[in-house]
1. In Å², and per residue, what accessible area does the chain have when probed at 1.4 Å with the other protein chains present?
2. Alpha carbons only, please: Rg and Dmax for the stretch 288-440, in angstrom.
3. How many percent of the accessible area of the stretch 349-400 is carbon or sulfur, using a 1.4 Å probe?
4. Can you tell me the convex hull volume per residue for the stretch 36-93, based on C-alpha atoms, in Å³ to the nearest whole number?
5. Once the piece of chain linking residue 311 and residue 219 is laid out straight, how much longer is it, given 0.36 nm per residue of separation minus the C-alpha distance between them?
6. For the stretch 1-140, what number of Lys pairs, 8 or more residues apart or on separate chains, have alpha-carbon atoms under 14 Å from each other?
7. Could the peptides 115-124, 296-305 be put in order, highest first, of the mean number of other beta-carbon atoms found within 10 Å of their residues?
8. Rounding to the nearest 10 and keeping the result within 0 to 90°, find how far the Cα-based axis of helix 352-361 lies from the longest principal axis of the chain.
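The values are calculated or read from the model by the stated rules, or taken from the named source; none is laboratory data. Everything numeric in this text was worked out from a predicted model, so none of it was measured. Positions of Cβ are generated from backbone atoms using ideal geometry, with glycine treated the same way; all protein chains shown enter the neighbour counts. Each accessible area value is taken on the protein alone, full model and side chains, heavy atoms only, with ligands, DNA and RNA left out. Shrake-Rupley method; radii C 1.70, N 1.55, O 1.52, S 1.80 Å.
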Amino acid sequence: MKALYLNNRLFFALILAGIIYVLAFFFPILIWLAHVVLILILILAFVDYHILFKVRDAIKAQRILPEKLSNGDQNPVRIDVKSNYPFKTRIKIIDEIPFQFQKRDFFIQKQLEAKSEISMQYILEPKERGEYSFGSLNVYANSPIGFVAKRFQFQKDALLPSYPSFIHLRKYELMALQNEFQLGGIKKIRKLGHTMEFEQIREYVQGDDIRSINWKATSKTNRLMINQYQDEKSQRIVMLIDKGRTMKMPFNGLSLLDYSINATMALSHIILKKGDRAGMMAFSKKMENRVPVDNKSGQLRKISEALYNIQTNFFESDYNRLYQDVKFSLNQRSLVLLFTNFETLDALNRQIKYLRGIAKNHLLVVVFFKNAEINALLKTNPESIQEIYDEIIAEKFEFEKKLIIQELKKYGIYSVYTLPENLNIDVINKYLEIKARGIL
């Protein structure tokens, strides 16, 4: 029978009977003991089989999955098991989890009292977007005798998508609210006209900016009148994700591309909560996965779907094409966050003219990454010649990154230089800082 499995306890008992039979060659009196032990084992095995298989629907189990997995996060999976056996049961649960997790020895062992229920959970942490296929949920039940086991199978072939990280969106929302209070004291600088909307014409009072005087209204009323402006209520924020070869580098199992995708998801949530308009694009050889800038109710879902569908062969990114696409698709001044990675100053210099072109019409923030392993090398105390050499090389790479930041700053381009695991918080903080200072 496919549901019948023989346990190790039965084989150990048969080995014991075999040993007694061997000893019976030397001590014939033991032959009767060997017969008795063998018959007893067979009787117990039959009884064990009978009590396990006679109960109808003896075990019921259910795997409770989330609607979708959150990429790079810990996702709980719950299993509920109910026993209808009239005796204490030992169960072994083997859930056929998706092959992407590469867990070959996954099982859970529990004990159930007679006619009782139990709940348990385990954690899955996906490292890539896409579909994850679950196999059967297998439950092996054993009676107190433990010679044989009965297998029960449930919920075969469940399919679950893994979307960009969404579990912690509420946490980031609360953090953004806290940071907004902390940034409240930042002195605002004079805003460009693109971020001001005309509100009304009113009479001039001492202290008003004389550059806002409306001379036509002044001549009609014989009183000084000025144009009053208010901050634009819905600013435009666009996230550009480089999906070229520089974003293939993995840290803690997650590529820089997926870190950027998760950060875009978190930042989009905050942007829309603040009443601004969010949009995104991904690029390599050409612009793809475009979501136009908007703040309607379904915008976050559109961004999530676009991020989920980002695919790449990690080709060399074409910044010339990026500049042209941004020039023709973004005709209003926007905050543009470019998620990319530059390891050397030479790599930046090859693309700087295109970045300067984007920065002429938009507020550009380049987001790039610290190398976590180089960062770890800088914190060690070298003892050998090799370790000293490694530290010098690490310092050289870190110095190159500082030069990149200075080069960007020279052309009025902002930057976020961060470890991959801190990316979400750092880009949200940069957005809140820019918004608080009113420099868009």
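1. Working: 24290 Å² over 440 residues.
Result: 55 Å² per residue.
2. Final numbers for Rg and Dmax: 18.0, 60 Å.
3. Whole-percent figure for carbon plus sulfur exposure: 52.
4. Values: hull volume 7.2 nm³, N = 58.
Per-residue hull volume (Cα only) is 124 Å³.
5. Values: separation 92, 0.36 × 92 = 33.12 nm, distance 6.13 nm.
Result: 27.0 nm gained on full extension.
6. 11
7. Working: 115-124: 13.3, 296-305: 15.0.
Ranking the peptides 115-124, 296-305 by packing returns 296-305, 115-124.
8. With rounding to tens, the tilt is 60 degrees.
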